[in-house]
Amino acid sequence: MFRENISLKPFNTFGIDVNANRFATFSSVDELTSLLRRKEENEPLLILGGGSNVLLTKSFDGLVLKNEIKGFELISENENEVIIESGAGEVWHQFVLNCLENGYAGLENLSLIPGSVGASPMQNIGAYGVEIKDVFEYLDAFEISTREMKRFKKDDCQFGYRESVFKNIYKDQFVICRVAFRLSKNAKINTSYGAIESELQKMGISSPTIHDVSNAVIAIRQSKLPDPAVLGNAGSFFKNPVIDESLVEKIKLTYPEVPNYPAESGKRKLAAGWLIETAGWKGKIVETCGVHKLQALVLVNYGGSTGKQVYNLSSQIIQDVEAKFGVKLEREVNIL
Ligand code: FAD
Ligand code: EPU
């Protein structure tokens, strides 16, 4: 059941070629339990979904378990909304399409995000004005130490911008097995993110359906984000920094045009893509990796790059941006 000493290249969207000591997939909680029973006491464990938010900087000297728990289930339904549950191993975009086909609204702005349903709460995935916390109902996760299933409601997850308890206090302690969402039968279209409005105009649509919004989001994403099947990447490598207003004012003295948006507790969010581009990194190639030419927030593997090379590139960018703007970028991707 375990495969030994296998390459993880097909299992991470950066396409980094490192090995794992032992590897297996599981498609049910029973299979997961039985695999964990055979895990050695101090053997490191990595739970993997689609591998679209990890950078592997070295071989994984332990056990990698890939989640393939499938299936959708309608948990409850009334005139206005449904609660729908998905196995954590379902492909996120397939789940979104399935909901759209059934006329369930709420996930259309999150179309085409790579990865699995199970990883979506890890960093509260978000795009085009929506985060999963907006539609999240609960998740069921297997606690590794007690071998018990626990249910987490929205408040238990402490969702924030690209954050949840599973990335912090409960890091590596739970395997998310099922996730449930509360979706609407009466579409509440959200086109607040400017690019959606202009894309819909381009498409000649004035009263958009949820399918139109999904298609607009897909078109925008395809126009600037590299397809991992063609060019290795993990989406935004850094978070957009949330900083004090006073620092924004300081940056504005030299760069009055700096893009900045309201954030929590009176702070401001800066566009990391703009900071990286203005620091001169957009489109730069360093050995076999680089900064994408259309989206400076995305680091790419042009082929044969190691995780360490990508990591070192990210460190240089962090240093440069800090020296230029006094803002320290934080990595969004999970470094392993
Ligand atoms: P993985 O990379 O497999 O895992 C990520 C982390 O979660 C790891 O630490 C892993 O151990 C853990 N994990 C995975 N599954 C489980 C589980 N079932 N239980 C416990 N822990 C688990 N993200 C956004 O938020 N918005 C975007 O717009 C966006 N665009 C992207 C565009 C591209 C081209 C790419 C490549 C990535 C993009 N991402 C985006 C990032 C990525 O798609 C998401 O973070 C996604 O949720 C990762 O899913 P995954 O299954 O691939 O996770
Ligand atoms: N910008 C530049 N140069 C660039 C890229 C961006 O100047 O090369 C500036 C522009 O001012 C632009 C602004 O940044 O208006 C915002 O750009 P964009 O709409 O592309 O969004 P982003 O901030 O770069 C974030 C998320 C994406 C998500 C999009 C759409 C983060 C870290 N990234 O990117 O998420 O898809 O918004 O909502 O929050 C991911 O997390 O992997 C990811 C791709």
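The values are calculated or read from the model by the stated rules, or taken from the named source; none is laboratory data. Here the structure is a predicted model, which is why all the values come from computation and not from measurement. Glycine gets a Cβ as well: all are built from the backbone with ideal geometry, and neighbour counts include every protein chain shown. Protein only, heavy atoms only, side chains kept; ligands, DNA and RNA dropped before computing areas. Shrake-Rupley method; radii C 1.70, N 1.55, O 1.52, S 1.80 Å.
What the table shows:
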| quantity | calculated |
| --- | --- |
| Local electrostatic count at Gly49 - Lys and Arg +1, Asp and Glu -1, tallied over other residues with Cβ under 12 Å | -1 |
| Farthest positive-ward along the chain dipole, Cα basis, beta-carbon charges - from Tyr161, Ser236, Ile285 | Ile285 |
| Over 20 Å between alpha carbons, listed pairs Lys239/Lys267; Lys269/Lys328; Lys133/Lys167 | none |
| Amide H contacts of Ile75 (H built 1.01 Å from N, under 5 Å, at least 5 apart or other chain) | Ile83, Ile84, Glu85 |
| Proximal charge balance of Ile16 [Cβ under 12 Å; K/R count +1, D/E count -1] | +2 |
| Unit charges on C-beta of K, R, D, E only; dipole of region 192-332, Debye | 240 debye |
| Cα-centred dipole magnitude for the chain, charges only on beta-carbon of K, R (+1) and D, E (-1), debye, nearest 20 | 800 debye |
| Rounded percent of accessible protein surface that carbon and sulfur make up, the chain, 1.4 Å probe | 47 percent |
| Förster radius 41 Å - calculated FRET efficiency between Met203 and Ile83, Cβ distance, rounded to 0.05 | 0.85 |
| Fully extended contour minus Cα-Cα distance, from Met1 to Val230, at 0.36 nm per residue | 79.4 nm |
| Note, ³J(HN,Hα) from phi for region 17-27, Karplus 6.51, -1.76, 1.60, rounded to Hz, x at Gly and Pro | 9, 10, 9, 10, 4, 9, 9, 8, 10, 9, 10 |
| Potential lengthening between Thr57 and Thr288 on full extension [0.36 nm per residue; Cα-Cα distance subtracted] | 81.7 nm |
| Interchain or long-range residues, amide H under 5 Å from Ile176's placed H | Phe142 |
| Residues with amide H under 5 Å from that of Thr25, placed H, sequence gap 5 or more | Lys66 |
| Accessible area (Å², per residue) of the chain, counting only protein heavy atoms and a probe of 1.4 Å | 47 Å² |
| Estimated inter-spin distance, Ser246 and Glu73, nm [label 7 Å along Cα→Cβ] | 5.3 nm |
